[in-house]
Amino acid sequence: MSLDEKTIAVYDRLARHHQHFIRDYDEALQKAFLARLPSPSKILDLGCGHGIISAQFKDLGHYVTSWDPSIEMQKVALARFGVSVDIKSFEDLYETSVFDGIYANFSLLHVPKHDLRRYLHAIKTALVAGGVFHMTMKLGKGENRDKRGRFYAYYSQFELETALSDCGFEVANNLLSADMDLSSGMTNWIAFQSHRPRHR
């Protein structure tokens, strides 16, 4: 992800207990993502945090590449879940037609709005034709920092659907919900399952 140093520093501090914030909806989102993929698949977990989702994908027989810019999250992922994480961000994504699926769960929301389409283009390019892209974002307006100091960009459903379409994705479905976030506040979020068209 785009390297906002303040945001990364927050996740470094949270790393030792961040693994306890695994929500029930994660399993449903993973199932929806995996249902659209062949098995086994090559998956990039982009902004993997503590690595539990990467570990679950690996346990199901998939070939998983895990990226996150937080060194402390990398340590937790290896120690707790046996996941090797590359200290990389969206800025490092230059692959072409490599991954069957890319999973960006609450990670693109930490990049400035003016960078979103650039990263979506890079993600689409890194997917094989027909490849699946999962993205979960917070709903709202504007950009700001939460009380912990993390940078967030907020979008409407229309804004996100337009950005995905502009970058050549076909949106298969979405899920709207709300939950408590790490700052102990209720937040509305939306998850998209999209894919790179086979004919482009």
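The values are calculated or read from the model by the stated rules, or taken from the named source; none is laboratory data. Since the model is a prediction, treat every value here as computed from it, not as a measurement. All Cβ positions, even for glycine, are placed from backbone atoms using ideal geometry, and neighbour counts span all protein chains on display.
Things worth noting here:
- Selection within the stretch 58-80 - assigned to a helix (DSSP H, G or I), surrounded by fewer than 24 Cβ atoms within 10 Å (Cβ to Cβ) and in contact with a Leu (Cβ under 9 Å, 6 or more places away or on another chain): GLU72
- Tallying residues that are acidic (Asp, Glu) and part of a strand (DSSP E or B) within the stretch 155-175 yields 1.
- All of SER70, SER97, SER89 fail the test of being closer than 14 Å to ILE43 by Cα and among the small types (Gly, Ala, Ser), apart from SER97.
- Pair list, Cβ < 9 Å and 6+ apart or interchain, from the stretch 183-200 residues that are among the hydrophobic types (A, V, I, L, M, F, W, C) to residues that are surrounded by 19 or more Cβ atoms within 10 Å (Cβ to Cβ) and at pLDDT below 90: ALA191/LEU29
- Failed item in (1) of a type outside the set (D, E, K, R); (2) in contact with a Leu (Cβ under 8 Å, 6 or more places away or on another chain); (3) surrounded by 15 or more Cβ atoms within 10 Å (Cβ to Cβ); (4) modelled with pLDDT of 95 or more, with VAL83 passing the rest: (2)
- Residue list for the stretch 113-150, filter: assigned to a strand (DSSP E or B) and β-branched (Val, Ile, Thr): VAL128, VAL132, THR136
Here's the yes/no breakdown for (1) modelled with pLDDT of 95 or more; (2) under 15 Å from the mean Cα position of the chain (by Cα); (3) not small (Gly, Ala, Ser):
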| site | (1), (2), (3) |
| --- | --- |
| PHE99 | yes, yes, yes |
| TYR103 | yes, yes, yes |
| LEU116 | yes, yes, yes |
| TYR119 | yes, yes, yes |
| ALA122 | yes, yes, no |
| THR125 | yes, no, yes |
| ALA129 | yes, no, no |
| PHE133 | yes, yes, yes |
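A quick yes/no check of all residues on (1) touching a Cys at 6+ places or on another chain (Cβ under 9 Å); (2) of a type in the set (Lys, Arg):
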position	(1), (2)
LEU109	no, no
ARG117	yes, yes
THR125	no, no
GLY130	no, no
PHE133	no, no
ARG145	no, yes
TYR155	no, no
PHE158	no, no
SER165	no, no
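- Residue match in the stretch 38-50 (condition: among the small types (Gly, Ala, Ser), part of a loop (DSSP other than H, G, I, E, B), out of contact with any strand residue (DSSP E or B) (no Cβ under 7 Å at 6 or more places or on another chain) and at pLDDT 90 or above): yes
- Of the residues in the stretch 26-49, not one is more than 24 Å from GLU95 (Cβ to Cβ), buried (at least 19 other Cβ atoms within 10 Å of the Cβ) and of a type outside the set (Ser, Thr, Tyr).
- Qualifying residue in the stretch 164-173 (condition: surrounded by fewer than 21 Cβ atoms within 10 Å (Cβ to Cβ), in contact with a Leu (Cβ under 6 Å, 6 or more places away or on another chain) and modelled with pLDDT of 95 or more): yes
- Test for PHE99: is it hydrophobic (A, V, I, L, M, F, W, C), in contact with a Phe, Trp or Tyr (Cβ under 8 Å, 6 or more places away or on another chain) and crowded, with 21+ Cβ neighbours inside 10 Å: no
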